[in-house]
Amino acid sequence: LTYLVGMEQRGWGPSTLLMDVERAFPDGANPPYKPVNNDAKFWGPMSLRASLANSRNLPAVWALEQVGIPSLLEMAARLGITSLTRPDYGLSLTLGGGDVTLLEMTGAYAALANGGQRVAPRTILRVEDQDDNILQSDELPAPERVLDPRHAYLMTHILSDNAARVPAFGSNNVLALPFPAAVKTGTTNDYRDGWTVGYTPNLLVGVWVGNSDNTPTDRLSGVRGAGPIWHDVMMSAQGDRPPVEFARPEGIVEVEVCPISGHPRTDLCPPGHVELFSSDDAPVGGECPVHHRVRICNES
């Protein structure tokens with residue numbers, strides 16, 4: 001959700017350059033906030049796509065510092081998350097520093113699966129009496145446009161990119177399904193909560209694993225605890241149905257970019273790759289901010 005705010009406010013995209021480096025963030029009268037990554041390492045410059053796909057914490061905290069906590073809370077509320085009511089959230093909110101329910105989080109991801117439209121979750125479809133008379137009809141709630149469909153698709157494209165998550169999860173991970181599926185895991189401090197939420201164009205499943213008394217688990221991360229459950233439920237629900245691709249909306253453009261800067265590739269850059277952009281935020285040509293010619297004084 002933090003990166004979605006960045007797409008809306010800052011024109012970020014999958015190739016936006018972020019920094020996974022050790023850093024202390026000011027926290028008012030409190031000691032500086034020093035987040036760490038799950039592997040206790042820092043990977044340096046990386047794209048937003050790689051940062052999200054590999055669950056890197058430092059770029060996400062920096063991103064929230066840029067867009068602001070109120071903007072993240074507004075995005076969460078827009079997507080149906082109503083549990084974030086405390087007045088004292090800090091930058092750890094982007095890493096799970098706020099309690100939400102499984103239904104709320106799963107419903108928020110449904111807006112991505114629906115191309116930016118939110119449909120309020122229902123637990124009761126209809127009510128009938130003993131004579132099969134319908135007391136409450138099966139009326140679908142009206143969908144509400146809450147995200148730019150291009151931003152929803154870009155996020156889905158990242159979350160369904162198994163190749164992008166290989167450095168952290170390996171190629172044969174439980175998140176890789178034999179059909180298109182977008183998915184994200186999460187793990188809170190002390191392994192108290194393990195999450196996996198993911199979707200196809202037709203189905204969305206959210207899984208939480210933890211102890212009901214909020215005690216830490218035995219190092220059960222989201223991918224190890226909730227991931228296998230999500231995988232098996234998705235496989236069973238898909239069955240023998242043919243796979244369905246995520247529909248690309250109008251206004252998505254492709255640009256060959258530098259693998260380091262994320263800007264349009266020039267002849268000075270290493271071999272690049274094609275990345276997706278919203279047409280409103282697609283970069284234009286010009287000098288790469290990382291690879292460029294400099295004048296050298298041969299005399300000295």
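The values are calculated or read from the model by the stated rules, or taken from the named source; none is laboratory data. Owing to the predicted nature of the structure, the values given are computational and were not obtained by experimental measurement. In this analysis, Cβ positions are derived from the backbone assuming ideal geometry, glycine residues included, and neighbour counts consider all displayed protein chains. Just so you know, the surface numbers come from the protein's heavy atoms only, side chains and all, with ligands and any DNA or RNA stripped out. Shrake-Rupley method; radii C 1.70, N 1.55, O 1.52, S 1.80 Å.
How many residues are touching a residue at least 40 places away in the same chain (Cβ under 8 Å) and basic (Lys, Arg) when one looks only at segment 34-55?
Counting residues in segment 34-55 that are touching a residue at least 40 places away in the same chain (Cβ under 8 Å) and basic (Lys, Arg) gives 1.
Given the conditions (1) within 29 Å of Leu103 (Cβ to Cβ); (2) under 14 Å from the mean Cα position of the chain (by Cα), which single one is not true for Ala50?
Among (1) within 29 Å of Leu103 (Cβ to Cβ); (2) under 14 Å from the mean Cα position of the chain (by Cα), the lone unmet condition for Ala50 is (1).
Only one of Ala247, Ala176, Ala152, Ala163 is of a type in the set (Gly, Ala, Ser), part of a loop (DSSP other than H, G, I, E, B), under 27 Å from Glu8 (Cα atoms) and modelled with pLDDT of 95 or more; which?
Of the residues listed, the single one that is of a type in the set (Gly, Ala, Ser), part of a loop (DSSP other than H, G, I, E, B), under 27 Å from Glu8 (Cα atoms) and modelled with pLDDT of 95 or more is Ala247.
Which of the residues spanning segment 93-110 are open to solvent by 20 Å² or more (accessible area, probe 1.4 Å) and in a loop (DSSP other than H, G, I, E, B)?
Of everything in segment 93-110, those that are open to solvent by 20 Å² or more (accessible area, probe 1.4 Å) and in a loop (DSSP other than H, G, I, E, B) turn out to be Gly96, Gly97, Asp99, Val100, Thr101.
Quick grid of which residues meet (1) loosely packed, with under 12 Cβ neighbours inside 10 Å; (2) among the hydrophobic types (A, V, I, L, M, F, W, C); (3) assigned to a loop (DSSP other than H, G, I, E, B); (4) out of contact with any Phe, Trp or Tyr (no Cβ under 8 Å at 6 or more places or on another chain):
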| site | (1), (2), (3), (4) |
| --- | --- |
| Leu220 | no, yes, yes, no |
| Ser236 | yes, no, no, yes |
| Pro243 | no, no, yes, no |
| Gly262 | no, no, yes, yes |
| Gly286 | yes, no, yes, yes |
| Glu299 | yes, no, yes, yes |
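Among the residues of segment 1-33, write down those that are open to solvent by less than 70 Å² (accessible area, probe 1.4 Å) and without any contact (Cβ under 8 Å) to a residue 60 or more places away in the chain.
If the condition is that a residue be open to solvent by less than 70 Å² (accessible area, probe 1.4 Å) and without any contact (Cβ under 8 Å) to a residue 60 or more places away in the chain, then Leu18, Asp20, Val21, Ala24, Tyr33 are the ones that fit.
So which residues in segment 279-297 are without any contact (Cβ under 8 Å) to a residue 24 or more places away in the chain and of a type in the set (Gly, Ala, Ser)?
The answer is Gly285, Gly286.
Can we say Thr215 is assigned to a loop (DSSP other than H, G, I, E, B), more than 18 Å from Asn114 (Cα to Cα), of a type outside the set (A, V, I, L, M, F, W, C) and open to solvent by 50 Å² or more (accessible area, probe 1.4 Å)?
yes
Any idea which of Val166, Val255 is open to solvent by less than 40 Å² (accessible area, probe 1.4 Å), more than 21 Å from Thr106 (Cβ to Cβ) and among the aliphatic types (A, V, I, L, M)?
Val255
What is the one condition in (1) among the hydrophobic types (A, V, I, L, M, F, W, C); (2) open to solvent by 40 Å² or more (accessible area, probe 1.4 Å); (3) touching a Leu at 6+ places or on another chain (Cβ under 8 Å) that Leu276 does not satisfy?
It is condition (2) that Leu276 fails.
Pairs, please: C-beta under 8 Å, at least 6 apart or cross-chain, first residue closer than 16 Å to Arg293 by Cα and basic (Lys, Arg) and in segment 255-278, second open to solvent by less than 50 Å² (accessible area, probe 1.4 Å) and assigned to a loop (DSSP other than H, G, I, E, B)?
Note: pairs meeting the criteria are Arg265/Cys258; Arg265/Gly272; Arg265/Cys288.
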